[in-house]
Amino acid sequence: MNEAISIKDLYFSYNSNIQILKNINLTINHNEVFGLLGPNGAGKTTLLECVQGVRNGYTGNIIVNGLDVRKDSDQIKPLIGVQFQSNSYFDYIRVDELFEFFAILYNMKITENEIKDLLNKVNMQEHKRSYVNKLSGGQKQRVSIALSILNKPQVLFLDEPTTGLDPNSRKDLWNIIKDIRKEGTTIILTTHYMEEVEALCDNVCFINNGSIYTVGKPEEIIENANLNSFIKIGLIADSDVQYLESCPTVETIKKEEDFFYLYTKDIRKTIDYINKLEDEKRITTTSINIQKANLEDVFLNMTGSVLKV
Ligand SMILES: Nc1ncnc2c1ncn2[C@@H]1O[C@H](COP(=O)(O)OP(=O)(O)OP(=O)(O)O)[C@@H](O)[C@H]1O
Ligand SMILES: [Mg+2]
């Protein structure tokens with residue numbers, strides 16, 4: 001069985017009149033990094049909470065590592081790790097005490113060395129004795145990721161792990177997440193950042209208003225969306241544009257300043273055609289730049305919503 005998580009026909013509402021999650025069907029494979037993408041209020045955190053067994057009252061079925069979340073939640077809890085979207089830890093507790101406290105919650109014993117190893121993983125070894133309220137936002141995020149893997153989970157949930165971090169800290173955390181994945185962990189993360197998806201995710205799911213719009217590999221989603229991409233091209237002689245107009249895969253041509261913008265759904269055929277024109281009609285280009293649709297464009301096109309809110 002290659003499925004770490006299987007969600008079938010899931011519906012959920014906090015109160016009976018508003019459906020928050022509708023007809024969710026998803027399969028997440030072992031050892032993949034799976035991204036949940038959607039604007040604020042889409043239902044990402046709620047969906048994670050249903051899978052974690054925190055939310056009751058859903059209809060449908062959720063299976064984690066072959067166990068039914070509704071019936072076997074006691075067996076599932078030791079198998080999963082959770083990093084919450086907002087962390088409010090006790091202010092006057094030291095980092096090492098926090099690990100000891102979490103170990104108690106997991107019914108585990110944790111040694112000094114184990115705490116050191118966990119802090120090493122997130123480059124926080126020097127802060128073992130720091131008080132939590134003296135840590136920066138990024139340092140707290142690192143601690144919370146280390147806490148989420150304290151029980152060596154098979155499935156790890158990261159809810160916007162890098163929101164609010166500067167670009168360097170974000171990249172550091174990506175490396176930490178990649179290392180955790182190398183140890184065989186399945187990771188489900190929510191994010192608003194496309195670069196994060198590109199750096200980490202094998203598969204992603206677009207969610208908006210509680211419904212799934214699409215699931216797949218990021219590059220396939222972009223490919224299948226078949227959105228207009230454009231080619232920005234400079235010509236020695238502007239009059240040569242007449243040849244470009246005859247290209248069957250070009251839908252529109254716009255001129256702005258010194259460049260022509262060729263809108264097309266088939267970049268490759270259009271470039272081939274331009275190359276042919278260069279050979280046969282002797283047109284000369286000064287530059288050719290390809291601008292492809294990204295996941296953000298696809299999301300907007302599919303849902304009418306922007307990802308970053
Ligand atoms: N405890 C709650 N009680 C009632 N409604 C809630 C509760 N938590 C969330 N909601 C509602 O459920 C919807 C989905 O919220 P959720 O937190 O799952 O969104 P999200 O996709 O995680 O958003 P964000 O990107 O802002 O974190 C929202 O309309 C929200 O107002
Ligand atoms: Mg959320």
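Any read-out appearing in this document is the output of simple, stated calculations on the displayed coordinates, not a laboratory observation. Computed from a prediction, not measured in an experiment: that's the story for all the values here. As a convention, Cβ positions derive from the backbone with ideal geometry for all residues, glycine included, and neighbour counts pool all protein chains shown.
Charged side chains reduced to their Cβ positions (Lys and Arg at +1, Asp and Glu at -1) give the stretch 107-201 a dipole of some 380 debye around its Cα centre.
Each principal axis of the Cα atoms in the chain has its own extent, and those three values, largest first, are 77, 46, 36 angstrom. When the chain is treated as a Gaussian network with alpha carbon springs shorter than 10 Å, the biggest mean-square fluctuation among Leu21, Leu244, Leu295 belongs to Leu244.
Of all beta bridges that DSSP places with both ends in the chain, some 65 percent have antiparallel geometry. For the stretch 135-145, 3J(HN,Hα) computed residue by residue from phi via the Karplus equation (6.51, -1.76, 1.60; θ = phi - 60°) reads 8, 6, x, x, 5, 5, 4, 5, 4, 5, 5 Hz, glycine and proline entered as x.
Calculated on the alpha-carbon coordinates, the convex hull of the stretch 228-292 measures out at 72 cubic angstrom per residue.
Between the residues Met124, Gln75, Tyr106, the greatest Cα displacement towards the positive end of the dipole of the stretch 1-160, with unit charges on the Cβ of Lys, Arg, Asp and Glu, is found for Met124. About the centre of its Cα atoms, the chain shows a dipole size close to 780 debye [charges on the beta carbon of Lys, Arg (+1) and Asp, Glu (-1) only; nearest 20 debye]. Considering only DSSP states other than H, G, I, E and B, which GluC sites (Glu not before Pro) in the stretch 182-240 qualify as loop sites with at most 13 other Cβ atoms within 10 Å? For GluC sites (Glu not before Pro) across the stretch 182-240 that sit outside H, G, I, E and B with at most 13 neighbouring Cβ atoms in 10 Å, the list reads Glu183. Checking the a/c ratio against 1.5 first, then a/b against b/c, what shape does the Cα gyration tensor give for the stretch 27-123? Cα axes put the stretch 27-123 in the prolate bin. Of the chymotrypsin sites (Phe, Trp or Tyr not before Pro) found in the stretch 87-170, those that fall in a DSSP loop while having at most 10 other beta-carbon atoms within 10 Å are Tyr92.
Expressed as a fraction of 2.2 N^0.38 Å, the value expected for a compact globular protein of N residues, the C-alpha radius of gyration of the stretch 150-219 is 1.14. Structure remark: mean-square fluctuation, Gaussian network model of the chain, C-alpha springs under 10 Å; the largest value among Thr286, Thr190, Thr59 belongs to Thr286.
Treating only the Cβ atoms of Lys and Arg (+1) and Asp and Glu (-1) as charged, compute the dipole magnitude of the stretch 228-292 about its Cα centre; round to the nearest 20 debye.
260
Largest mean-square fluctuation among Gln139, Gln291, Gln85, in a Gaussian network model of the chain whose springs join Cα atoms under 10 Å apart, belongs to Gln291.
With loop defined by DSSP as not H, G, I, E or B, and exposure as at most 10 other Cβ atoms within 10 Å, which is the longest segment of the chain clear of exposed trypsin sites (Lys or Arg not before Pro)? Counting at most 10 other Cβ atoms within 10 Å as exposed, the longest clean stretch of the chain is 130-281.
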